[in-house]
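What follows is one structure encoded as structure tokens, with my remarks underneath.
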Amino acid sequence: GLPLPDELVLSCLARASRLHYPILTLVSKTFGSLTASPELYQIRSLLNRTEKCLYVCLQFPTEPNLRWFTLCRKPDKTVNKTESLSGNILVPDSQLSSHRIVQSRSC
């Protein structure tokens with residue numbers, strides 16, 4: 001089949017909760033790059049689909065730059081037929097640069 005145009009994929013991704021982006025990046029390399037694109041956040045803003053997010057800034061002893069992370073939903077993993085593990089994880093946020101301090105931002 002023919003691949004979908006990036007504009008159509010961005011429009012669909014903009015309507016999904018940002019908590020699901022780590023799962024959606026597993027679909028394809030294209031989805032992965034589009035979920036990190038500035039265009040996606042512009043479309044989210046135009047559609048009034050921004051969300052409050054929790055950001056964490058960490059500096060690791062072995063790295064000179066600060067690293068930003070966003071709290072996201074962890075994909076469900078089935079333990080057995082009646083029990084599944086889920087929760088939240090910190091995911092690196094490529095949209096935040098290492099030299100900015102962000103007090104409040106919609107994403």
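The values are calculated or read from the model by the stated rules, or taken from the named source; none is laboratory data. Quick caveat, the model's predicted, so the values are computed rather than measured. Here the Cβ positions follow ideal geometry from the backbone for every residue, glycine too, while neighbour counts run over all protein chains shown. Heads up: the accessible areas ignore ligands, DNA and RNA and are worked out on the full protein's heavy atoms, side chains in. Shrake-Rupley method; radii C 1.70, N 1.55, O 1.52, S 1.80 Å.
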Out of all the residues in the stretch 24-58, which are part of a strand (DSSP E or B) and within 12 Å of the chain's Cα centre (by Cα)?
Tyr55
When the stretch 39-56 is checked residue by residue, the ones that are at pLDDT 85 or above and open to solvent by 50 Å² or more (accessible area, probe 1.4 Å) are Glu39, Gln42, Ser45, Leu46, Leu47, Asn48, Arg49
Answer yes or no as to whether Ser84 is part of a strand (DSSP E or B) and either modelled with pLDDT under 60 or loosely packed, with under 12 Cβ neighbours inside 10 Å (or both).
yes
Name every residue in the stretch 1-57 that is out of contact with any Phe, Trp or Tyr (no Cβ under 7 Å at 6 or more places or on another chain) and aromatic (Phe, Trp, Tyr), in order of residue number.
Tyr21, Phe31, Tyr41
Based on this model, can you work out whether Ala36 counts as modelled with pLDDT of 85 or more, surrounded by 11 or more Cβ atoms within 10 Å (Cβ to Cβ) and out of contact with any strand residue (DSSP E or B) (no Cβ under 6 Å at 6 or more places or on another chain)?
no
